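To start, the structure under review is shown below, and the notes come after it.
The values are calculated or read from the model by the stated rules, or taken from the named source; none is laboratory data. In this text, all values refer to a predicted model and were calculated from it rather than measured experimentally. Please note: Cβ atoms are built from the backbone with ideal geometry, for glycine as well, and neighbour counts cover all protein chains shown.
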Amino acid sequence: MRLRLASNSGLTWSCLDYRHRLEGTHEGPFQGIPPTGRRVSVSGIDIQRWSDGKLQDLWLNADFLGMLQQLGVIPQPETAGA
């Protein structure tokens, strides 16, 4: 992903945050997990701090547990009353 930010207002900023969703098919090895062919959808939030046009800090919070459950690596929680 490429992101270009510009401000015509003369305002300066140092932080950027955004929500994203990545979707795809697990077709190759990932973190030691062999390909499953399963579709996955992972949502997350990024927070970035910039200074002098350079990225200084990046914080990422994404649903990696949900991704591993979608891949079948970690079992889904049991439903209540089961």
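Observations on the model:
- The range 59-82 residues that are closer than 20 Å to Pro35 by Cβ and in a helix (DSSP H, G or I), paired with ones that are of a type in the set (Phe, Trp, Tyr) and modelled with pLDDT under 95 (beta carbon under 9 Å, 6 or more apart): Leu71/Phe30
- Checklist (1) out of contact with any helix residue (DSSP H, G or I) (no Cβ under 6 Å at 6 or more places or on another chain); (2) of a type outside the set (Phe, Trp, Tyr); (3) surrounded by 10 or more Cβ atoms within 10 Å (Cβ to Cβ) applied to Pro75, failing item: (3)
- Residues of the range 36-58 satisfying the condition of being closer than 20 Å to Gln76 by Cβ and either in a loop (DSSP other than H, G, I, E, B) or over 17 Å from the mean Cα position of the chain (by Cα) (or both): Thr36, Gly37, Arg38
- Selection status of Phe64, within 30 Å of Ser14 (Cβ to Cβ), hydrophobic (A, V, I, L, M, F, W, C) and under 19 Å from the mean Cα position of the chain (by Cα): yes
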